[in-house]
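Engineer: After the structure tokens below, expect a handful of questions from me.
The values are calculated or read from the model by the stated rules, or taken from the named source; none is laboratory data. Nothing here was measured: the structure is a model prediction, and the numbers come from that model. Note: ideal-geometry Cβ built from the backbone for every residue, glycine included; neighbour counts use all protein chains shown. When the accessible area is computed, the model is the full protein with side chains, heavy atoms only, and any ligands, DNA or RNA have been set aside. Shrake-Rupley method; radii C 1.70, N 1.55, O 1.52, S 1.80 Å.
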Amino acid sequence: MSAAVKEVKRMTTHVIRNMKAQGEKISMLTAYDYSMARILDEAGIDMLLVGDSASNVMAGHETTLPITLDQMIYHAQSVIRAVKRSLVVVDLPFGSYQGNSMKALDSAIRIMKESGAHSVKLEGGEEIVDSIKRILSAGIPVMGHLGLTPQSIYKFGTYTVRAKKEDEATKLMEDAKLLEETGCFAIVLEKIPAALGKKVSESISIPTIGIGAGPYTDGQVLVSHDLLGITKDFKPRFLRRYLELYDMIKGAAQEYSADVKSGGFPNEKEQY
Ligand code: KIV
């Protein structure tokens, strides 16, 4: 354990920023419910993201667009009840902050007040900077999100690697600088070339948290359901599966069903 997180009882945005200064990598995973959040918090994951990917992995939608602010608050409340140490970041969902900084502030305040979360995350750069400023003015920590921004999927049409072209890479660099200057405490970089992830991470003082952005970012984030192999067909190059829970859970359910049908469950010890 490094100096930055030594004896830290609770992760804060201050500790997260310090970790970059001390050269310590930051771990982040998504969590949407109490049971999973409890395990990930106990495992020592530095930050838990109540991501709008809940729209995909929890609700089965094709995109992140349908999830509502009320639903995000419900997920955040469940996560917060479990957490003792991790810093909890909650995504502002599509339609709750774009183009209207007062609405953005209202949405962020609802998340903080009704869930007890510690910070919010917004997708985008220069085009949403007014919303970020207003949220920050209320004392709410903000994490940025650049590169592949899934809430804009209908603008781009695909989930392919972003900022491969020079003009897009330049805009991303400028946006990262702007988010730093505006006061974001960290930035997620999603699905960009590793070389660009390195360049951005070296050019700003706040931590970058990569997902498909190579090994040089200051931290990494994955969707827990992907890392655990609960999602089945999603296999991007950047994903490392640490378990294959889909098949394990299916196998356990099949075994249970067979036991019920054969009368093997419950046995003598499993009854009153
Ligand atoms: O919603 C989410 O899970 C995210 C991560 C992919 C960073 O934003």
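Engineer: Nearest 10 degrees is fine. How inclined is helix 194-203 to the longest principal axis of the chain, computing both from alpha carbons?
Structural biologist: 50
Engineer: Still on this structure, I have one more. On a straight-distance basis, which lysines could pair with LYS198 in a cross-link, Cα separation under 20 angstrom, same-chain partners fewer than 8 positions away excluded?
Structural biologist: Straight-distance partners of LYS198: LYS20, LYS25, LYS164, LYS165, LYS171, LYS177.
Engineer: Can you list the lysines whose alpha carbon sits under 25 Å from that of LYS113, skipping same-chain ones fewer than 8 residues off?
Structural biologist: Within the straight-line limit of under 25 Å, LYS113 reaches these lysines: LYS9, LYS84, LYS103, LYS121, LYS133.
Engineer: Hey, another quick one. Quick one: compute the contact order of region 116-272, relative version, from alpha carbon pairs under 8 angstrom and 6+ residues apart, as a percent.
Structural biologist: Once normalised by length, the contact order is 15 percent.
Engineer: Further question: How much of the DSSP bridge set in the chain is antiparallel, in percent, rounded to the nearest 5?
Structural biologist: Antiparallel bridges make up about 5 percent of those DSSP assigns within the chain.
Engineer: Using a 1.4 angstrom probe, figure out how much accessible area the chain has per residue, in square angstrom, rounded to the nearest whole.
Structural biologist: I get 52 Å² per residue for this part.
Engineer: Please state the relative contact order of the chain as a whole percent: Cα pairs under 8 Å, 6+ residues apart?
Structural biologist: 15
Engineer: Turning to a different aspect of this structure: Can you send over the solvent-accessible area of LYS165, 1.4 Å probe, protein chains only, in Å² to the nearest 10?
Structural biologist: 140
Engineer: So, one more: Counting only GluC sites (Glu not before Pro) that sit in a DSSP loop (anything but H, G, I, E, B) with at most 16 other Cβ atoms within 10 Å, what is the longest stretch of the chain containing none of them?
Structural biologist: The segment 63-243 is the longest one with no such site.
Engineer: Leaving out ligands, DNA and RNA, and with a 1.4 Å probe, what % of the accessible surface on the chain is carbon or sulfur?
Structural biologist: For the chain, the apolar C and S fraction of the accessible surface comes to 53 percent.
Engineer: While we're here: Return one number: the angle in degrees, 0 to 90 and rounded to the nearest 10, between the long axis of the Cα atoms of helix 101-115 and the longest principal axis of the Cα atoms of the chain.
Structural biologist: 40
Engineer: Loop only per DSSP, at most 11 neighbouring Cβ atoms within 10 Å: give me the trypsin sites (Lys or Arg not before Pro) in region 1-87, ordered by residue number. Provide the component values of the computation, followed by the final result.
Structural biologist: On the way: sites: LYS6, LYS9, ARG10, ARG17, LYS20, LYS25, ARG38, ARG81, LYS84, ARG85; in loops: LYS6, LYS9, ARG10, LYS25, LYS84, ARG85.
Counting only loop positions with at most 11 other Cβ atoms within 10 Å, the trypsin sites (Lys or Arg not before Pro) in region 1-87 are LYS6, LYS9, ARG10, LYS84.
Engineer: Another question, then. Counting DSSP beta bridges with both partners in region 24-155, what percentage is antiparallel, nearest 5? Could the numbers behind the result be given before it?
Structural biologist: Details: 1 of 13 bridges.
Expressed as a percentage, antiparallel bridges in region 24-155 total about 10.
Engineer: With runs of 4+ DSSP H residues as the only contributors, calculate the mean residue ellipticity of the chain at 222 nm using -39,500 (n - 2.57) per run, divided by the residue total and rounded to the nearest 500. Walk me through the intermediate numbers first.
Structural biologist: Working: 11 runs with 113 residues, N = 272.
So the helix-based figure for the chain works out to -12500 deg cm²/dmol.
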